[in-house]
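Some notes on the structure that comes next.
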Amino acid sequence: MRKRIGIFVCHCGINIAGVVKVPELVARVKAIPDVVSALDYVYCCSDPGQKLIKETIKEKKLDGVVVACCSPSLHETTFRKAASEAGLNPYLCEIANIREQCSWVTSDRDEATEKAEGIVRTIVAKVREDQALERLKVPMLKRALVVGAGIAGIQAALDIANAGYEVVLVEKEPSIGGHMAQLSETFPTLDCSQCILTPKTVEAGHHPKIKLLTYAEVAEVSGFIGNFRVKIRQKPRYVDIDACTGCGICLEKCPVRVDSGFDRNLTKRRAIYRLFPQAVPNKVVIDAKNCRQLQGKKCGVCARVCPAQAIRYEDKERFLDEEVGAIVLATGYELFDISKVGSYGFGQVPDVIDGLGFERILSASGPFAGEVRRPSDGRVPKRVVFVQCAGSRDANQGVPYCSKICCMYTAKHALLYKHRVHDGEAIICYIDVRTPGKGFEEFYRRVTDEGVKYLRGKVSKIFRRNDKVVVWAADTLAGKKIEIEADMVVLATAVVPNPRGVELARKLKIAVDANGFQTEAHPKLRPVETLTAGFFLAGCGQGPKDIPETVAQASGAAAKVLAMFGTSELYHEPVIAEVDEEICVGCGNCERTCAYEAVKVDKRKGKAMVQAVMCEGCGACSVSCPAGAINLKNFVKKALMEMVDA
Amino acid sequence: MNSTGNSDLVRRIEELSGQRLQDCYQCGCCSAGCPIGEMMEPPPSKGVRLLQLGLAEELLASDGIWLCASCLICGTRCPRNVDYARIAEACRAIVLRTKKSQVDPDKVSESDLQDVPQQAFIASFRKFSV
Amino acid sequence: MKYPYYPGCTLYSKAKNLDRCARKAAALLDVELEELPSWNCCGAIYNTNIDDLAAQVGPVRNLAKASQLGEKLVTLCAACYNVLKRAGGHLNATGFEEERKRILEFVDERYERDVRVMHYLEVLKEVGFEKIKQRVKKPLNGLKVASYYGCLMTRPKEVLQFDDPENPIMMDDLMATLGAEPVRFDFKAECCGGYLVVNRRDVAQACSMRIIENAKTWGAEAVVTTCPLCQYNLESAQSAKLPADKRMAILYFTQVLGLALGLGEDELGFEDNKLDPKPFLKEKGLL
């Protein structure tokens, strides 16, 4: 029981003082029993404000503090730290929110003052019953897991590994590099994508601190921050990764031809394949669904020709267990299935391709070795229409948001097309041109200077006319419908979160928004963390973004992980649930209610046991307990009743 | 520009059509997809723009609104779910209700009467006459 | 199976040949089309202005009549399908209760229940394409047909819910069932010009010709329609714009159905088509 409580009423400028009559409030609350001091100050959160609190605690030998100010979500930590510095247990310092819950929502001054008094009384009642608490120490394994090895995952893994900690880098594809490996050149510098990516993929592939698991997926995660247990499913490669030398003979001999997903179905690959020549790891993999041998029909050619005898048809799926302290989700994006927008003819009308498809055509390792030719007949297209917002900004048939990167990459596409087909005509059909990054507007200017035409109007229909592709567009600036007969059409398709990433986030109970993007802890100030302790975000899995932003975010996520690893211990808030074993009957209501799987009934003891570090102090268990056996520390029933009566 | 001119007319058009003109972000997809688009002046997106600027009279006086075939492609593809066919219909209603027909049943030729399916006549007179 | 049937004005007179063969084809599939007693014109096109209640009375009266006979109403014309189904749907729109009462005041017949308006194509789907396949007597020899649905069959998509509004396939599947080769093309559900043929024939012809040219680009030999007005527009545009040897045959889908099910040449009504398809069909060995 606290007997020497000090109250500090903050003016918060005019936020509180402009509505609540502060001098009157101070006078009233001074009279509350067990209160030995009641002061007010303009800005309690400021340095002088905090100094006042600390000095008063020492002078008046306070054993409890109530700060009547703004919401605890803003300054509870500030004031608890100040109390701690003055020698008072921080959990004996509580906030009475008389701003968001009083002055900001009440207009009548007398009413507000009365309400403020009520709120302060309530919190005084709580402080009276509060116990001094200590933060819980959590053991922490200083090892990280990065899910996804596109540029985001690679960057995050490198940053953490270079700081000296071990990283498990898991990638579902047979090699790393993500979509950046599919690109030809990147905007606005027109750097060759593979050239700037390969140094990083090689570094990640060889780094002594990075354990690279390719063709593998995260199956399950259990545990909590500092102590995660991860089950990884290693998919069968059917190739011994240590024996394979990457010589590529099997690639020439395999009889099967399948559409290459990496080339957006513009070329064929074999059933045994690697994604691209510079793949890291430079090993092949067998696509079991299309492999004759693995489907029960006799073949076995690759095994016969492999000089290293690396083929393993008997390979099976395996599960690996890893333990880590922090997890970075870098699951990336995919392109929206634009065949859903029937009027664009994708997949039906010849020579209508998507953005990544055009990247593959531009790429030296693509279907035409870097020459711009059209898929249907290999002829050089003399007029190409680039369609922006194919599926984006479309609440009707696509996704409601802007995919951010398409304006820039389409400008780049058109420019590169003009560079390679000198007498070619490039027409971009757009709604807006968004150039928010460094050097972007200048790049757009360069593109228009080099003769690329821009027509302002969203394309409605794309259809075939003999060997041409006809585009129905518009120019709203001139107010006309425009029909264009082109040789090829490139759709700048919407960016959507990788569905495997969405699935994983849901399984791990990481918040995901209505569009499937992983949700950051705060849209402005906490872009690389999630609300689930120990999970961090990097890259397009969190929202569409370009390469510089992805790399920045990945390094940011790594920094958060390193900040965690840089401390000697992790601390967990002590305002958690506690079971009174004498009253507990082991009914299991609390276990069923808990969203964090933090309380379970111990079968042998027949009592509920709280896993302290997993408890987030939400209190749902204490509501669900019919016997009142489980309670939150410093939110016990007695205190709550006193607060209500106050 | 008198941007507040005739907001009553614009409101009436919104009411009759049930469409929210402010939803249109002028992407031009409706004009691009309209089968009559090249011959329609103003084309659909320009029609909506005129209304957004309060220039309802200009749209009501135009030829374009009488060329709509009610095929509904505009509304089906609009990323903001605005249906221009209904807006054009509302405009036509306002004009027709001042007793200004655009087609005259008496002017239909004998050969057409014999030839053309009567559903076409009924529909045409419904849309374009009073 | 009996279905209440609404022919509509054009199929009752100028396109009577299409109606006749539709009924005969139905009979071959054990479907009886029971004509709605003293039905009236549906209005031929749907009016969207929210205060245009008079325009709703015509179609609603037909729905009321149909509700006396059962839960369904079949029509052979895409335009009638569009008007009747939308009128029925709108009657139940939220916030429309006052207007609904007013409309029903002008309808003598009791509106017993909501009626499901179906296009004849949907009836065929209910019969089952497998069953139809078994009854095919003259498979169509892989005739390359472009199935043209027109704009009124699939839109507005929320109300009609007839297949995909840009790329419907029901009729394509039917054609495949009958032994033809359905040709995919880009203008399946685009407008033929519709009623603009009355006062702006040039515009309607431009729309229709686009459809024909695109069907040709994809290799179609004939176009199959589901609406008498589309049928007329596609035929007359070609008459006006193309020499006789360049014109494509336009067939009504029930004519194609009847042909495959074994109806005689005199029962299919080809002589009343604006563009006589008989020489073409004879050339293809189908007649």
Got at least one residue in the stretch A:231-246 being buried (at least 20 other Cβ atoms within 10 Å of the Cβ), in a strand (DSSP E or B) and aromatic (Phe, Trp, Tyr)? no
Among residues of the stretch A:425-457, those that are among the aromatic types (Phe, Trp, Tyr) and within 21 Å of B:Cys27 (Cα to Cα), counted: 3
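Being of a type in the set (Phe, Trp, Tyr), assigned to a loop (DSSP other than H, G, I, E, B), at the interface with another protein chain (Cβ under 9 Å from one of its Cβ atoms) and in contact (Cβ under 8 Å) with a residue 12 or more places away in the chain, is that true of even one residue in the stretch C:173-186?
Pass one, the stretch C:173-186, residues of a type in the set (Phe, Trp, Tyr): C:185.
Okay, now just the ones that are also assigned to a loop (DSSP other than H, G, I, E, B), so C:185.
Those left that are additionally at the interface with another protein chain (Cβ under 9 Å from one of its Cβ atoms): C:185.
Restricting the remaining residues to those that are in contact (Cβ under 8 Å) with a residue 12 or more places away in the chain gives C:185.
Scanning the stretch C:173-186, I find at least one residue that is of a type in the set (Phe, Trp, Tyr), assigned to a loop (DSSP other than H, G, I, E, B), at the interface with another protein chain (Cβ under 9 Å from one of its Cβ atoms) and in contact (Cβ under 8 Å) with a residue 12 or more places away in the chain, so the answer is yes.
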Is it the case that some residue within the stretch B:81-89 is touching a Cys at 6+ places or on another chain (Cβ under 7 Å), modelled with pLDDT of 95 or more, facing chain C (nearest Cβ under 9 Å) and buried (at least 22 other Cβ atoms within 10 Å of the Cβ)? yes
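Is the stretch C:141-162 home to any residue that is among the basic types (Lys, Arg), over 29 Å from C:Asp30 (Cβ atoms) and more than 19 Å from the chain's Cα centre (by Cα)? I'd like the intermediate steps shown before the answer.
Taking the stretch C:141-162 and keeping what is among the basic types (Lys, Arg), we get C:144, C:155, C:157.
Restricting the remaining residues to those that are over 29 Å from C:Asp30 (Cβ atoms) gives C:144, C:155, C:157.
When the remaining residues are screened for being more than 19 Å from the chain's Cα centre (by Cα), the result is C:144.
Yes, because at least one residue in the stretch C:141-162 is among the basic types (Lys, Arg), over 29 Å from C:Asp30 (Cβ atoms) and more than 19 Å from the chain's Cα centre (by Cα).
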Result of the Cβ filter at 6 Å on the stretch C:220-249, keeping first residues that are more than 14 Å from every other protein chain (Cβ to nearest Cβ) and partners that are of a type in the set (Phe, Trp, Tyr), at least 6 apart or interchain, is C:Val223/C:Tyr148; C:Val224/C:Phe253; C:Ala249/C:Phe280
Which number in (1) in a loop (DSSP other than H, G, I, E, B); (2) out of contact with any Lys or Arg (no Cβ under 8 Å at 6 or more places or on another chain); (3) free of Cβ contacts under 8 Å to residues at least 60 places away in the same chain marks the one condition that C:Trp39 misses? (2)
Could you look through the stretch A:446-469, keep only residues that are touching a Cys at 6+ places or on another chain (Cβ under 9 Å) and not aromatic (Phe, Trp, Tyr), and pick out the one that is farthest from A:Glu185 (Cα to Cα)? A:Ser460
Any residue at all in the stretch B:106-117 that is more than 14 Å from chain A (Cβ to nearest Cβ) and crowded, with 18+ Cβ neighbours inside 10 Å? yes
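Return the residues of the stretch B:59-80 that are more than 11 Å from chain C (Cβ to nearest Cβ) and part of a helix (DSSP H, G or I); say none if nothing qualifies. First the steps, then the outcome.
To start, the set of residues in the stretch B:59-80 that are more than 11 Å from chain C (Cβ to nearest Cβ) comprises B:59-62, B:64-65, B:78-80.
Within the stretch B:59-80, B:Leu59, B:Leu60, B:Gly64, B:Ile65 qualify.
Quick one: which residue in C:Leu36, C:Leu104, C:Leu91 is away from every other protein chain (no Cβ under 14 Å), more than 27 Å from B:Arg86 (Cβ to Cβ) and surrounded by 17 or more Cβ atoms within 10 Å (Cβ to Cβ)?
Values: C:Leu104 fails: more than 27 Å from B:Arg86 (Cβ to Cβ); C:Leu91 fails: more than 27 Å from B:Arg86 (Cβ to Cβ).
Checking each option against the conditions leaves just C:Leu36.
Yes/no per residue for (1) assigned to a loop (DSSP other than H, G, I, E, B); (2) in contact (Cβ under 8 Å) with a residue 12 or more places away in the chain:
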{"site": "B:Ala90", "(1), (2)": "no, yes"}
{"site": "B:Ala93", "(1), (2)": "no, yes"}
{"site": "B:Lys100", "(1), (2)": "yes, yes"}
{"site": "B:Val103", "(1), (2)": "yes, yes"}
{"site": "B:Gln114", "(1), (2)": "no, no"}
{"site": "B:Ala123", "(1), (2)": "no, no"}
{"site": "B:Lys127", "(1), (2)": "no, yes"}
Taking the stretch A:87-118, which residues are among the hydrophobic types (A, V, I, L, M, F, W, C) and surrounded by fewer than 20 Cβ atoms within 10 Å (Cβ to Cβ)? A:Trp104, A:Val105
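Test of understanding: among A:Ala326, A:Ala271, A:Ala330, A:Ala308, which residue is farther than 28 Å from A:Gly543 by Cβ and either surrounded by 19 or more Cβ atoms within 10 Å (Cβ to Cβ) or of a type in the set (Val, Ile, Thr) (or both)? Walk me through it before giving the result.
Details: A:Ala326 fails: farther than 28 Å from A:Gly543 by Cβ; A:Ala330 fails: farther than 28 Å from A:Gly543 by Cβ; A:Ala308 fails: either surrounded by 19 or more Cβ atoms within 10 Å (Cβ to Cβ) or of a type in the set (Val, Ile, Thr) (or both).
None of the others qualify; the one that does is A:Ala271.
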Taking the stretch B:27-58 and keeping residues closer than 22 Å to B:Phe128 by Cα, touching a Cys at 6+ places or on another chain (Cβ under 9 Å) and either assigned to a helix (DSSP H, G or I) or of a type in the set (Phe, Trp, Tyr) (or both) leaves B:Cys30, B:Ser31, B:Pro44, B:Ser45, B:Gly47, B:Val48, B:Leu51, B:Ala56
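One line per residue, one yes/no per condition, for (1) more than 14 Å from chain B (Cβ to nearest Cβ); (2) within 30 Å of C:Glu190 (Cβ to Cβ); (3) touching a His at 6+ places or on another chain (Cβ under 6 Å); (4) surrounded by fewer than 17 Cβ atoms within 10 Å (Cβ to Cβ):
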site: A:Lys453; (1), (2), (3), (4): yes, yes, no, yes
site: A:Val471; (1), (2), (3), (4): no, yes, no, no
site: A:Ala514; (1), (2), (3), (4): yes, no, no, yes
site: A:Val528; (1), (2), (3), (4): yes, no, no, no
3 or more residues of a type outside the set (Gly, Ala, Ser), more than 16 Å from A:Ser184 (Cβ to Cβ) and in contact (Cβ under 8 Å) with a residue 12 or more places away in the chain: qualifying strands (runs of 3 or more DSSP E) within the stretch A:345-445: A:383-390, A:425-430
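The values are calculated or read from the model by the stated rules, or taken from the named source; none is laboratory data. What you are looking at is a predicted structure, and each value in this text was computed from that prediction instead of being measured. Cβ sites come from the backbone with ideal geometry, for glycine too, and all protein chains shown count toward neighbours.
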